[in-house]
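**Student:** Here it is: the structure, laid out below.
Only the coordinates and a few stated rules stand behind these numbers; no lab work does. Only a predicted model underlies this, so the values are computations on that prediction, with no experimental measurement involved. Here the Cβ is made from the backbone with ideal geometry for all residues, glycine too, and neighbour counts use every protein chain on show.
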Amino acid sequence: MGPLESTDVLPSAGLDPKSPKLELERSTWATWTDTNWAVPRMPRKEHERRKVLNAISQLADLPRLSEDHNWLNPSGDPIRVRVGEIDQTTWSEDIRDWKPRSRGTPFIRGIHFNLENGKVSINHPGYTSSIPREALERSQAMWKGPIDARGISRIACQAIVNAQQDRRLRWVVVPPDCVLGNSVNFLELPEAVQDSLAEEYGTLEQGLLWLAEHLNSDTLDLWSRAWAANNNVNNYEIENLPFPPPVSITKVEAL
């Protein structure tokens, strides 16, 4: 049953027989959860519920992002999920606000992930000078310490999301010569994967842009919402995200 609301409980009859419910065959449920019997979150509206069910059915049997020998990573060296390298509390003395006409190293936090017209991008004053002076994106946006990932573009995901946001998974390619806060996760790609992306798409940057778009699919976002434990998109969740080949992922429609 569920999700239920207070109006689904009637004073005279108990649970309203019209309350949303879902019946699953045991074999289907076992396949979905690898027999750990987790219960996915379901929308109340029937057409939205069908879209979630279709997404789960489409993705449940596919390899996971961090598994060895998946379609993107045949070398066997797994893709790792890492937390952004800078803890804001520990390194607070090296973090500054980004004032107009400031110059420095962009410090990218979850708040800098922007979704507009279905596209995810980084909205940071180091790259967008038109951000208003009092905007939250300017607060704690500059890094004054050393840079470990100098010259390396990375594919990153917002780690803390609002339950009311249109998307749970927000992947984007972050530019070289920036640092990531611990409200951001990123993928550590094996060298063989980087070489493969560069060969297929001309440059590593273009390959990462393609991969970010692939991971931003509506189908994967529906899966993530269904199995989310809370508003944190943690390493474990990303590592166990189904990783469909491009030809197998399709737009999920309600039946």
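**Student:** I'd like the per residue volume of the convex hull spanned by the Cα atoms of the range 6-59, given in cubic angstrom. Display every interim value, and only then the final one.
**Tutor:** Numbers: hull volume 5.3 nm³, N = 54.
Convex hull of Cα atoms, per residue: 98 Å³.
**Student:** Relative to the longest principal axis of the chain, what angle (0 to 90°, nearest 10) does the C-alpha long axis of helix 218-227 take?
**Tutor:** The answer is roughly 70 degrees.
**Student:** So, one more: When the chain is treated as a GNM, springs tying every alpha-carbon pair under 10 Å, which of L22, L189, L241 comes out with the largest mean-square fluctuation?
**Tutor:** With Cα springs under 10 Å in the chain, the top fluctuation among L22, L189, L241 is at L22.
**Student:** Just the projected area, averaged over all directions, of the convex hull on the alpha carbon atoms of the range 13-127: how many nm²? Don't skip to the end; give the middle numbers.
**Tutor:** Numbers: hull surface 56.7 nm².
Averaged projected area of the range 13-127's Cα convex hull equals 14.2 nm².
**Student:** Of the peptides 9-16, 231-238, 38-45, how do they stack up when ordered by the mean number of other Cβ atoms within 10 Å, highest first?
**Tutor:** Details: 9-16: 9.2, 231-238: 17.1, 38-45: 14.4.
Put in order of decreasing packing, that is 231-238, 38-45, 9-16.
**Student:** Same structure, new question: Between (1) 0.98; (2) 1.30; (3) 1.03, which matches Rg/Rh (Cα atoms, Kirkwood Rh) calculated for the structure shown?
**Tutor:** (3)
**Student:** Quick check: the angle from helix 191-201's long axis to the longest principal axis of the chain, C-alpha only, nearest 10 degrees?
**Tutor:** 90 degrees
**Student:** If Lys and Arg each add +1 and Asp and Glu each add -1, what is the summed charge of the other residues whose beta carbon sits under 14 Å from the beta carbon of R44?
**Tutor:** On the way: positive: K18, K21, R41, K45, R49, R50, K51, R225; negative: E5, D8, D16, E46, E48.
It works out to a net charge of +3.
**Student:** To the nearest Å, what is the center-to-center distance of the range 159-215 and the range 86-127, using C-alpha atoms only?
**Tutor:** First find each Cα centre; the distance between them is then 16 Å.
**Student:** Still on this model: Would you mind getting the Kirkwood hydrodynamic radius of the range 61-143 from its Cα pairs, rounded to one decimal in Å? Intermediate values should be presented prior to the final figure.
**Tutor:** Working: mean 1/r = 0.0653 Å⁻¹.
Hydrodynamic radius (Kirkwood, Cα only) of the range 61-143 equals 15.3 Å.
**Student:** Quick one: net charge around R138, please, counting Lys, Arg +1 and Asp, Glu -1 for every other residue with C-beta under 11 Å from its C-beta.
**Tutor:** Working: positive: R96, K99, R133; negative: D97, E134, E137.
Its environment carries a net charge of 0.
**Student:** Given charges of +1 on the Cβ of Lys and Arg and -1 on the Cβ of Asp and Glu, with all other atoms neutral, how large is the dipole of the chain about its Cα centre, in debye to the nearest 20?
**Tutor:** Working: 28 positive and 35 negative charges, 193 e Å.
Roughly 920 debye for the chain.
**Student:** Mean residue ellipticity at 222 nm from the helices of the chain, using -39,500 (n - 2.57) per DSSP H segment of n ≥ 4 over the full residue count, to the nearest 500 deg cm²/dmol? Each step should come with its number before you reach the end.
**Tutor:** Working: 6 runs with 60 residues, N = 255.
My calculation for the chain gives -7000 deg cm²/dmol from helical runs alone.
**Student:** While we're looking at this one, here's another question. Taking amide hydrogens as modeled 1.01 Å from N in the peptide plane, which residues meet the under 5 Å criterion relative to E85, leaving out close sequence neighbours?
**Tutor:** When sequence neighbours closer than 5 places are left aside, the close amide H contacts are L180.
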